[in-house]
Structures are given as C-alpha cells and as structure tokens.
Amino acid sequence: MSYVIQKKSKIELNRLYEEDKSIHDWYRFVLSYPPHLIRSCINKFNLSPQATVLDPFCGTGTTLVEAKKLGYKSIGVEANPVVHMCASAKINWDLNIYKIKKISQHIAIVAIEEIEKNKNILNYPNEHILKLIIKDSMNFDLINQVLILLSIIEKYGDNYCDFYKTALAKHIVFSFSNLKFGPEVGVSKKKKENVNIVKTWLEQVMLMCDDLILHIKNKNISSSVILGDSRNQLSFIKNNSIDAVITSPPYPNEKDYSRATRLESVLLGFIKNKENLRDVKHNFLRSNTRNIYKGDDDFTWIEDNIDVRELADAIEKKRIELGKTSGFEKLYYKVVLLYFGGMAKHLYELRPKLKNGAQLAYVVGDQASYFRIPIKTSKLLKNIAENLGYRVVGCDVFRTRLSTITKEKLNEDILFLEYVNGRQ
C-alpha cells in the first residue's frame, strides 16, 4: 500500500508527488511534510554543494532523504525510537542489495513455515501488548504473525535488521492494522483479518531494494540521525557546522504524537511497558496535555515574553469562564507556556551549531484547540527568535487547512530565519 499522492496541478495537500515516492514512501506519518517543500527551501537558500542541512525534529527523515537525493550532507534529531530507526534506515543507502534480497527470501521461507505450524493454535498476544496499543487496532492472529516474522528477522537479519523492520513498520500500520488517520488516530469499522503478512513484507523489501538502486550514485553522501531531544541534546553536532535548518516541530495542540506510532512501537519492541512510554514521551517537546510532567520547567525560557504569557492567561481565563474543570483542560495554559518555552530553549541551544549566516526554515501551524482561542504559532516564534538574536527573513504561507474545532481556515507557515553570529 502507498500513501495518498497529490497532483502538482491541485492545491497544496501536504502529500507526496508521484515522482517523490522512492525512499520517502518507505515509512511516513500522515502529517509528514512533503519533499517538494524541502526542495523549495533548498533552492531559496542557494546552498553550496558542501553545505550541511540539519532537521532537529526530523520525524521520518523527509528533510534528510531529500537532502541526500540532492547531494547535500544532513543531520537529523528524533526523540521517538521507532521513528528514529526508520529514518536511519531511509538514509543508509550503502547496502549489499544482493545480500538483502537473499536473506529476506530465507526469512520469508522460515516465517511461512513457522506461521503454518501455529495456525491452528489459539494464541492471544501478551497482555502487556494489549494494554499498550489502541483497542481493536489489529487482529490478534495478525499480531501473532507479525511477532513471528519479527523474531525471524531478528534471528537471521544480520546487519539489515533495521531495513527489514522498516519494511514491516510501514505495513503494520497501513496494511495489517485497523487504524485510520483523519488526522486523529482511530479504529476503522472495517476490520482486516485475511492478510498475507509475509508476502506483503517481502514485496516491500524488494521495492525498497529497487529504490536503493535508483539512488546508488549518492550512497556515500553523509547523513545521520541522532536519537535525542532537540531542546537539550545537540552536543553530538559540531559547533559552527550547520549551513541550513529545515524542520517542522510539533504544533501546540491536543494531538498526542506518540499515538500515531504506538502500534509499531509496541509490536517492534520499542515500548514494552508504560514506563517505556513515559520515557519516550518525556523527550518530546511539550505540545499537548498528555506529555506534561511534574518538574517540567521550559516555561522559564519565556517568562519575560509578554505575548506568550498573555495568550496563556487568556486560555486559563476562558476555562474559568466556561466552568471547565477536567484535569486536561486545567493544563491547556501550561501547554502554551511549555511549548513556546521549549522552542525558545531549542533555538538557544541551536545557536552554537550554526555557521554565521546559516538559513533556517520552520514549518509551523496556527491552532485553535484550546477553547477556540487562536494561537498564532509563527508570529510568536518569530518574536522568540528575534529575542535570541536571529534575523527574521520572512514568513510564507505553505498551505491553509480547516480547524477541526472552529471549521475556520488556519495557516501553516514557513518561518524563515537567518543566524548572524554575535547579533543581539
């Protein structure tokens, strides 16, 4: 199964063009921004061939893959372990394709035999799995088949395990599960029961091998992904080494981004219990009430920012006016403070890594999730960036979308910045 493709002649839908499917299509979020946006930014920046591009919130690696296709070195930072694995696999092109195919065919044969042995045995997935995934997100029998295939990948996969697991991760969500994305994660009424797990996985592996052949000339272009938190874990990046930043951080809203990858995270073994889940979410930028924790103090970075504090106060005042008393609603104002504080901290920590004159593009969206009070994300980030010494170059509308709350049009903007060393 492929992701939904958009035509060039239509309005911007934040989706892939047909010609961009190779490698990008291996594993993506529904909300991932498209490769043509990266090309547009790189063209605007007029980068030298030796430039290094950073994506500090790299997700599934769209910026990194597109930069590598275009011949630019790149570095990414990603806090979600399963997404980090897939992004890393998508930028590792220096592989022995003959070996990948040969080993995958052996894995498929062994997996089919093992699944056949267990087909008449009534097996329920481990209780810890069922507690962690969304109810009815996948048929029990299909879960067991995936786990059998995974165990054989881990046994015989050699140095290509992440490649094979990435092929599996894509289809866990889009071919084997009952999940639907709209963009919230839900469960479809139409349940999948009869799916050829091994055949689908093997076909995906072969397609991925074809993609590697297509881009073999750029296999040695340096690209890497750091597993970490872009607010405070940038020490792995050399100072004065980054020419450009192209990224899209989470938006301040009530989308729990960990839910979008929960199924593959659990089935592939990245999340084994609630403590694992908490640890993963603790490294996320605070963008919703479900990943706010005791001791969070990113708000200290914007204590003097009048605009952010007035927005948070307005949200809390509206909550009191409406008589809303749920635990989550009481945290809405805090999300705003922690989100923009976290972004301020990130932009501060980023400065030593940037070359003088480095160009930055932040794709961010306006929101109205909290009692319909508008959150002008790009405008507030522009103010924060200026206070940290960045020069605001401009702010372009990438696309407009309808708010799920107010049904009004909301902008997704590209905030363009420049870093000038020593500018205050």
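The values are calculated or read from the model by the stated rules, or taken from the named source; none is laboratory data. A quick note: this is a predicted structure, and the numbers were derived from the prediction, not measured. Glycine also receives a Cβ, built like all others from the backbone with ideal geometry; neighbour counts cover every protein chain displayed.
Can you confirm whether VAL185 is modelled with pLDDT under 95 and closer than 23 Å to GLY61 by Cα? In short, yes.
Put simply, of SER326, SER287, SER369 the only residue that is assigned to a loop (DSSP other than H, G, I, E, B), hydroxyl-bearing (Ser, Thr, Tyr) and free of Cβ contacts under 8 Å to residues at least 24 places away in the same chain is SER326. Would you check if there is a residue in region 293-308 being within 23 Å of GLY182 (Cβ to Cβ) and either within 15 Å of the chain's Cα centre (by Cα) or at pLDDT below 95 (or both)? No, the conditions are met nowhere in region 293-308.
When region 36-68 is filtered for residues that are among the basic types (Lys, Arg) and crowded, with 21+ Cβ neighbours inside 10 Å, only LYS68 remains. Among the conditions (1) at pLDDT below 95; (2) under 19 Å from SER32 (Cβ atoms), LYS407 misses just one, which is (2).
Whether a residue is assigned to a helix (DSSP H, G or I) and either at pLDDT 95 or above or crowded, with 18+ Cβ neighbours inside 10 Å (or both) was assessed, and ALA358 does not pass this test.
You will find that of ILE121, ILE152, ILE134, the residue that is touching a strand residue (DSSP E or B) at 6+ places or on another chain (Cβ under 7 Å) and more than 30 Å from LEU47 (Cα to Cα) is ILE134 and no other.
Screening LYS180 on (1) over 19 Å from LEU64 (Cα atoms); (2) touching a strand residue (DSSP E or B) at 6+ places or on another chain (Cβ under 9 Å); (3) of a type outside the set (Gly, Ala, Ser); (4) at pLDDT 95 or above shows it passes everything except condition (4). Taken over region 218-240, the criterion of being under 19 Å from GLY61 (Cβ atoms) and not in a strand (DSSP E or B) is satisfied by ASN218, LYS219, ASN220, ILE221, SER222, GLY228, ASP229, SER230, GLN233, LEU234, PHE236, ILE237. For region 273-280, state whether one or more residues are touching a His at 6+ places or on another chain (Cβ under 7 Å) and assigned to a loop (DSSP other than H, G, I, E, B). Yes, some residue in region 273-280 is touching a His at 6+ places or on another chain (Cβ under 7 Å) and assigned to a loop (DSSP other than H, G, I, E, B). Taking every residue in region 348-363 that is farther than 29 Å from ARG401 by Cβ and pairing it with any residue that is basic (Lys, Arg), at least 6 positions away or on another chain, the pairs with Cβ-Cβ distances below 8 Å are GLU349/ARG231; LYS353/LYS238.
Has region 273-280 got any residue that is surrounded by fewer than 20 Cβ atoms within 10 Å (Cβ to Cβ), in contact (Cβ under 8 Å) with a residue 12 or more places away in the chain and polar (S, T, N, Q)? Scanning region 273-280 turns up at least one residue that is surrounded by fewer than 20 Cβ atoms within 10 Å (Cβ to Cβ), in contact (Cβ under 8 Å) with a residue 12 or more places away in the chain and polar (S, T, N, Q). Summed over region 46-64, the residues that are assigned to a helix (DSSP H, G or I) and in contact with a Phe, Trp or Tyr (Cβ under 9 Å, 6 or more places away or on another chain) give a count of 2. Identify the residue in region 143-193 that is crowded, with 19+ Cβ neighbours inside 10 Å and touching a Cys at 6+ places or on another chain (Cβ under 7 Å) and, among all such residues, is farthest from LEU95 (Cα to Cα). Looking at residues that are crowded, with 19+ Cβ neighbours inside 10 Å and touching a Cys at 6+ places or on another chain (Cβ under 7 Å), I get ALA169. Looking at SER74, SER88, just one residue is surrounded by 14 or more Cβ atoms within 10 Å (Cβ to Cβ), part of a helix (DSSP H, G or I) and either among the aliphatic types (A, V, I, L, M) or within 31 Å of the chain's Cα centre (by Cα) (or both), and that residue is SER88.
If the condition is being assigned to a helix (DSSP H, G or I) and at positive phi, then region 118-167 contributes only ASP158.
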